[in-house]
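These notes are about the structure you will find just below.
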Amino acid sequence: MVKDAVPLSECRRALVIKLRHHGDVLLASPVISLLKARQMEVDALVYDDTAPMLQGHPALSRLHVVGRNWRKKGVVERFLVEKTLFAELRARKYDLLVHLSEQPRGAWLARTLGARYSVAPAMRDRGAFWRRSFTHLFPIAARRHQVEVNLDALRRIGLQPLPEEKKVVFVPGADAERKVEQLVEGRPFVHLHPASRWRFKCWPAEKNAELIDRLSAEGHRVIVTAAADAEEISFIENILSKTKTAPLNLAGKLSIKELGALAARARLFVGVDSMPMHLAAAMGAPTVALFGPSGEAQWGPWGAGHRVVASGHSCRPCGLDGCGGGKVSECLTTLPVDAVLAAAHELLAQLPKPSILKSGAA
């Protein structure tokens, strides 16, 4: 036990800050659960577009947001929205502040909100201002999964999580579940999400098309999804132009909550390193994740019962945006369809035989 552990029994309310992307916010959800389990009221502060990742979390009291586009506002307008947010946070009178990224806002809030205790990652390049902003700093270990990195913030202040307390939590909500129920009509399916906001993380269109056709030939219904982004939808259209079969195309048609509800019903999810892959794993879908320049040790599907397909390139994971910065990752383009299909077969073989339910049936 650390000698400077925070007396958690004296902490009534905590603020968890995660100002990053969607997947990063989702993987921070166990921190909220763990603090709540220690009898604290827990709020979170995230960017507005990532709020759906935590909305409905059973351990969350209040969800505060920073507008990702606030920087584009005029000086007076931005001052007013920042002032309103700060007043809301200040009024909550936090005892503990848990900052889970390198975002400078966390340091300012640690200094100004009046929390007695605060913890953040140790950042060597941030200097004395960063170090002196927090009462505790935790080291970030190389090749450590992001869920564990987030939980290390709590370990540093003396809170050791149990294995069952590390679950990633996402709540689709009743409306999303009803919509997805109508879309899938009670029929079993494989969920394929080939796209990512970063194209260098994507598997080639022709290989995605071959995988769809081979799964369809085996009798699996395939549903394809993507974000409502022009480039992602164009990528899906390219894939489907190369298929001989006709999967259900829901690209750009689902909200984040509906995407989670869909993944929860899938017999299998296949995708790349992206938020939907993390979402599928959180919802309990057996997940096949294709990895290239990013590292599966840090970003692989969380939990047991999943499979990672990756090449043996000695240079990976490199973290680069394609080989030589060329936006194309050979460690992904060379991944054979047979390897991905074999991983899918392995997971599908562990599942009970599917039954078809009529929509609305008891």
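Residues whose amide H falls under 5 Å from that of V16, counting only those 5 or more places apart or on a different chain, are D43, A44, L45, V98, with hydrogens built in the peptide plane.
Could you sort 223-234, 199-210 so that the peptide with the highest average Cβ count within 10 Å comes first and the rest follow in order? It would help to have the intermediate numbers written out before the result.
Numbers: 223-234: 17.8, 199-210: 20.1.
The densest-packed peptide leads the list: 199-210, 223-234.
Shape analysis of the range 244-362 based on the Cα gyration tensor places the equivalent ellipsoid semi-axes at 28, 16, 14 Å, largest first. With 0.36 nm allotted per residue and the present C-alpha distance subtracted, the R12-E82 stretch has 22.7 nm of extension available. Each residue of the range 25-34 was assigned a 3J(HN,Hα) from its phi angle through the Karplus expression (A = 6.51, B = -1.76, C = 1.60, θ = phi - 60°), giving 5, 4, 6, 8, 4, x, 4, 5, 4, 5 Hz with x at Gly and Pro.
Rg over Rh for the range 90-208 works out to 1.12, both radii taken from alpha-carbon positions and Rh defined as the Kirkwood radius.
Structure shown: which of K179/K257; K18/K72; K36/K83; K18/K167; K3/K167 lie over 19 Å apart, alpha-carbon to alpha-carbon? Violating the 19 Å limit, Cα to Cα: K18/K72; K36/K83; K3/K167. Building the convex hull from the alpha-carbon atoms of the chain and averaging its projection over directions returns 20.1 nm².
With Cα atoms defining each centre, the range 266-295 and the range 1-75 are spaced 24 Å apart in the structure.
Compute the orientation-averaged projected area for the range 33-109 from the convex hull of its Cα atoms and round it to one decimal in nm².
Values: hull surface 22.3 nm².
Directional mean of the projected Cα hull area for the range 33-109 stands at 5.6 nm².
Cα centroid separation, the range 197-246 to the range 103-119: 44 Å. Using every pair of distinct Cα positions in the range 108-169, the Kirkwood expression returns a hydrodynamic radius of 12.9 angstrom. Summarised as an ellipsoid, the range 1-54 has semi-axes of 24, 12, 9 Å, derived from the eigenvalues of the Cα gyration tensor scaled by 5 and square-rooted, with the largest first. Every Cα-Cα pair of the range 171-212 was included, and the share exceeding 13 Å stands at 67 percent. Helical runs (DSSP H, four residues minimum) scored at -39500 (n - 2.57) apiece and divided by the length of the chain put the mean residue ellipticity at 222 nm at -10000 deg cm²/dmol. Looking at the P(r) of the range 1-147, how many percent of alpha-carbon pairs lie beyond 22 Å? Value for the range 1-147 (Cα pairs over 22 Å): 39 percent.
How many percent of the accessible area of the chain is carbon or sulfur, using a 1.4 Å probe? List each step's numbers first, then the result.
Details: 8880 of 16820 Å².
Roughly 53 percent, rounded to a whole number.
The range 193-282 has equivalent-ellipsoid semi-axes of 18, 16, 12 Å, by the square roots of 5 times the alpha carbon gyration tensor eigenvalues, sorted largest first.
Quick check for you: with a 1.4 Å probe and neighbouring chains kept, what is the accessible area per residue of the range 59-163, in Å²?
On the way: 5670 Å² over 105 residues.
Using a 1.4 Å probe on heavy atoms only, each residue of the range 59-163 averages 54 Å².
The values are calculated or read from the model by the stated rules, or taken from the named source; none is laboratory data. It should be emphasised that the depicted structure is a prediction, and the values quoted were computed from it without experimental measurement. Reconstructed Cβ throughout: ideal geometry from the backbone, glycine too, with neighbour counts over all protein chains shown. Keep in mind that these areas ignore ligands, DNA and RNA; they rest on the heavy atoms of the full protein, side chains included. Shrake-Rupley method; radii C 1.70, N 1.55, O 1.52, S 1.80 Å.
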